Amino acid sequence: MPQEIRFLTDTTCDLPAQTLAELNIPALPMHVALGGQDHLDGVDVTRQQLYDYAKRTRQLPKTAAVSEQQFLDAFTAAFDGGCGHLFYLGLSSLLTSAYQNALAAREEMAKRGIERERIHVLDSRQLSTGTAHLLIEGSAMAREGLEPGEIERRLKELKRRLSTSFVVDTLEYLHMGGRCSSVAYVAGSMLRLHPQINMDDGAMHVGDKFRGGIARCIEQYEKKMVEDKLKEIEPRRIFITHTCEDETMVREAYERLKALGYFEDIRITEAGATISSHCGPNTLGFLYIRRA
């Protein structure tokens, strides 16, 4: 009898709770410290609290990874519940120590009698709904009855075809996080520059810079990254992931994508506390799978 394959993630995947519940994927919360008080991403802290803290203190909230103990608890619960193989896919190992903590927890589970090969700790090299693409596709593979080894092989191939990028409204959060120099911050602010941030092999890199109002910049970014590249993009799913309080810009982006008549599934998701603390308000990104 085939053993059940389950998936585990962390809250940086930015999938809504309802979607995670439908897929039966627990999301372990990252930690966010505001003024020395620990909060759990997706549990007891909001984006607005983060922004208020940053404005008041001129500092970013401190974020911390899912701990080894959290992983141990989650792994134990999964296998006590009849899991045959467990896949963990979370934030890129270059952006958090969660991946290393998951590996350490797997070693501890091995000491407790759960074979290492039953716990698949995969480095997504992604953030936000880039990871979500992998979770959704992996879950579909498991439902189709693929063997764990084949699922792992396909996910490793798939992650190389993910396109994850976003445009930020303000350079302030990148500056406070050390990803933007003081000179670049001042110059960019004066020129009203909105940089495109790209995920490249697990790390964030600054790409093109758009000038003008954020809504207009999003349109330019959308044309460059989506409309002009449709032939390179798989039509099955695209995420619009954002940190916008006023969702007018988000709805307009959705309607433009819908009018293309190309995508089978256009999903709007909101970035959680951990991702928002680094990119700031009014950030918007398009995340999709490129054709092989």
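The values are calculated or read from the model by the stated rules, or taken from the named source; none is laboratory data. Everything numeric here is computed off the predicted structure, so don't read it as measured data. Every residue, glycine as well, gets a Cβ built from its backbone with ideal geometry; the counts of neighbours run over all protein chains shown.
Of all residues in region 74-104, those satisfying the criterion of being hydroxyl-bearing (S, T, Y) and out of contact with any Lys or Arg (no Cβ under 9 Å at 6 or more places or on another chain) are T96, S97, Y99. In this structure, G285 qualifies as closer than 19 Å to P16 by Cα and touching a residue at least 40 places away in the same chain (Cβ under 8 Å). Working only within region 209-236, note down all residues that are within 14 Å of H194 (Cα to Cα) and in a loop (DSSP other than H, G, I, E, B). Answer for region 209-236, where residues must be within 14 Å of H194 (Cα to Cα) and in a loop (DSSP other than H, G, I, E, B): G212, G213. Only one of the numbered conditions (1) in contact with a Lys or Arg (Cβ under 7 Å, 6 or more places away or on another chain); (2) modelled with pLDDT of 95 or more is not met by A132, and that is (1). Within the option set L103, L15, L60, being under 22 Å from A203 (Cα atoms), under 18 Å from the mean Cα position of the chain (by Cα) and not in a strand (DSSP E or B) holds for one residue only, L15. Scoring T11 on the criteria (1) in contact with a His (Cβ under 8 Å, 6 or more places away or on another chain); (2) under 23 Å from L122 (Cβ atoms) leaves a single failure, condition (1). Can you run down the residue pairs with Cβ atoms below 6 Å, 6 or more apart or on separate chains, where the first is in region 92-120 and at negative phi and at pLDDT 95 or above and the partner is in a helix (DSSP H, G or I) and among the hydroxyl-bearing types (S, T, Y)? Going by the 6 Å Cβ cut-off, the qualifying pairs are S93/Y99. Of the residues that make up region 224-240, is at least one surrounded by 15 or more Cβ atoms within 10 Å (Cβ to Cβ), at pLDDT below 95, of a type outside the set (D, E, K, R) and more than 19 Å from the chain's Cα centre (by Cα)? No.
Are any of the residues in region 58-67 out of contact with any Lys or Arg (no Cβ under 7 Å at 6 or more places or on another chain), modelled with pLDDT under 90 and farther than 16 Å from I275 by Cα? Write out each step before concluding.
Going through region 58-67, the residues out of contact with any Lys or Arg (no Cβ under 7 Å at 6 or more places or on another chain) turn out to be 58-67.
Pick out the ones that are also modelled with pLDDT under 90 and you get 58-63.
Next, only the ones that are farther than 16 Å from I275 by Cα stay: 58.
Yes, region 58-67 contains at least one residue that is out of contact with any Lys or Arg (no Cβ under 7 Å at 6 or more places or on another chain), modelled with pLDDT under 90 and farther than 16 Å from I275 by Cα.
Taken over region 237-254, the criterion of being in a helix (DSSP H, G or I) and among the charged types (D, E, K, R) is satisfied by R251, E252.
Working only within region 137-151, note down all residues that are surrounded by fewer than 16 Cβ atoms within 10 Å (Cβ to Cβ) and touching a residue at least 24 places away in the same chain (Cβ under 8 Å). Explain how you work it out, then say what you get.
So the first thing to find is which residues in region 137-151 are surrounded by fewer than 16 Cβ atoms within 10 Å (Cβ to Cβ), and the list is 140, 143-145, 147, 149-150.
Passing the criteria: only G145.
The residue of region 258-272 that is nearest to V43 (Cα to Cα), among those that are touching a helix residue (DSSP H, G or I) at 6+ places or on another chain (Cβ under 6 Å) and touching a residue at least 60 places away in the same chain (Cβ under 8 Å), is G272.
Restricting attention to region 18-45, the residues being part of a loop (DSSP other than H, G, I, E, B), among the small types (G, A, S) and more than 19 Å from G130 (Cβ to Cβ) number 2.
Those residues that are within 16 Å of R118 (Cα to Cα) and outside any helix (DSSP H, G or I), I need them from region 63-96; list them, please. Of everything in region 63-96, those that are within 16 Å of R118 (Cα to Cα) and outside any helix (DSSP H, G or I) turn out to be G81, G82, C83, G84, H85, L86, F87, Y88, L89.
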